[in-house]
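The values are calculated or read from the model by the stated rules, or taken from the named source; none is laboratory data. None of the values given here were measured: they were computed from a predicted structure. Backbone-built Cβ (ideal geometry, glycine too); neighbour counts: all protein chains shown. We work out accessible area using only protein heavy atoms, side chains counted, and drop any ligands, DNA or RNA first. Shrake-Rupley method; radii C 1.70, N 1.55, O 1.52, S 1.80 Å.
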Amino acid sequence: MNVHLVQFDVVWENRAVNHGKVRALLDQARPASGSLVVLPEMAFSGFSMNAAAAAQSDALEDETFLGEMATLHQSTIVSGLVSRVHNGHGANQAVAIAPDGTLLARYTKLQPFSPVSEGEPYPAGSEIVTFQWNGIKAAPFICYDLRFPEHFRAAVKLGVELFIVIANWPVKRHQHWLTLLQARAIENQAYVIGVNRCGTDPGNSYNGRSIVVSPHGHIIADAGESERVLSARIDANEVRQWREQFPALGDMR
């Protein structure tokens, strides 16, 4: 099964330009039909605490764009975006869009990034969300969620075999990013896809390092630090065989 990690320099609060960047990157990559395509957290605004500027309108222009891309490439797309909620707040979300353009899943970040009071404009979500892709059960998570292994453990108890972590993870903590992605794969005997942005915003620099991690914790694909689409193949049977050979998950208490 083919996965494509779309790593790019998200232009600050400029939806139209970011749509254009993603369109061009996917046109160049040409994902095969049936692929999984993953974009970063807040892919169309950057990690802005201005919910009014970051959120898609009631016309759902970001989701409409993602639906067009999913249909064009006949692929499932997972992307970060911001949705409007009540009282001027937004929701930092990951959506999964099916190849026919319909919504498969909508997940709201469980752990807003408290050091910048993210929970004020973007209140925390309340539940783990899963979806099916080519017979494998997947769960999206967002950035700071990665530091809370209990959420991943709860997801694996639901049968999740593939974790998708989208982020705006700064370069100054990049080693944490890599190590924690590998840890989540090892302890849950699952594939982990981590998609980070690169470039800069008004507050931080980002070095990408989007990766695919095997159920054994090996990094099997690494996007490096520049704009690109990283392609890799994963095999659900590797998860299932490893869990059968080494049934550590059965010893959970």
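Considering the conditions (1) among the acidic types (Asp, Glu); (2) farther than 14 Å from residue 40 by Cα; (3) in contact with a helix residue (DSSP H, G or I) (Cβ under 9 Å, 6 or more places away or on another chain), residue 251 is excluded by exactly one of them, (3).
Mind telling me which of the residues 27, 58, 62 ends up being farther than 19 Å from residue 131 by Cα and touching a Leu at 6+ places or on another chain (Cβ under 6 Å)?
Step by step, each of 27, 58, 62 is checked, and only 62 is farther than 19 Å from residue 131 by Cα and touching a Leu at 6+ places or on another chain (Cβ under 6 Å).
Show me the strands (runs of 3 or more DSSP E) found entirely inside segment 1-98 where at least 1 residues are under 27 Å from residue 118 (Cβ atoms), modelled with pLDDT of 95 or more and polar (S, T, N, Q).
Working: elements: 2-7, 36-38, 76-84, 90-97.
Of the strands (runs of 3 or more DSSP E) lying wholly inside segment 1-98, those with at least 1 residues that are under 27 Å from residue 118 (Cβ atoms), modelled with pLDDT of 95 or more and polar (S, T, N, Q) span 2-7, 76-84, 90-97.
Can you name every residue in segment 135-163 that is out of contact with any helix residue (DSSP H, G or I) (no Cβ under 7 Å at 6 or more places or on another chain) and of a type in the set (Gly, Ala, Ser)? Scanning segment 135-163 gives 138, 154, 155, 159.
If I filter segment 37-45 for residues that are open to solvent by less than 60 Å² (accessible area, probe 1.4 Å), more than 17 Å from the chain's Cα centre (by Cα) and among the small types (Gly, Ala, Ser), do I get at least one hit?
Step one: list which residues in segment 37-45 are open to solvent by less than 60 Å² (accessible area, probe 1.4 Å), which gives 37-45.
Going one step further and asking which of them are more than 17 Å from the chain's Cα centre (by Cα), we end up with none.
No, segment 37-45 contains no residue that is open to solvent by less than 60 Å² (accessible area, probe 1.4 Å), more than 17 Å from the chain's Cα centre (by Cα) and among the small types (Gly, Ala, Ser).
Among the residues of segment 102-149, write down those that are on the phi > 0 side of the Ramachandran plot and hydroxyl-bearing (Ser, Thr, Tyr). Before you say what the answer is, go through the steps one by one.
At the first step, the residues of segment 102-149 found to be on the phi > 0 side of the Ramachandran plot are 117, 134-135, 143.
Of everything in segment 102-149, just one residue is on the phi > 0 side of the Ramachandran plot and hydroxyl-bearing (Ser, Thr, Tyr), namely 117.
Residue check: is residue 114 in contact with a strand residue (DSSP E or B) (Cβ under 8 Å, 6 or more places away or on another chain), modelled with pLDDT of 95 or more, open to solvent by 10 Å² or more (accessible area, probe 1.4 Å) and hydroxyl-bearing (Ser, Thr, Tyr)? Even if it seems obvious, please write down each step before you answer.
Working: in contact with a strand residue (DSSP E or B) (Cβ under 8 Å, 6 or more places away or on another chain): no; modelled with pLDDT of 95 or more: yes; open to solvent by 10 Å² or more (accessible area, probe 1.4 Å): yes; hydroxyl-bearing (Ser, Thr, Tyr): yes.
Considered against the rule, which asks whether it is in contact with a strand residue (DSSP E or B) (Cβ under 8 Å, 6 or more places away or on another chain), modelled with pLDDT of 95 or more, open to solvent by 10 Å² or more (accessible area, probe 1.4 Å) and hydroxyl-bearing (Ser, Thr, Tyr), residue 114 comes out as no.
On the stretch given as segment 144-177, residues that are assigned to a helix (DSSP H, G or I) and open to solvent by less than 10 Å² (accessible area, probe 1.4 Å) total 5.
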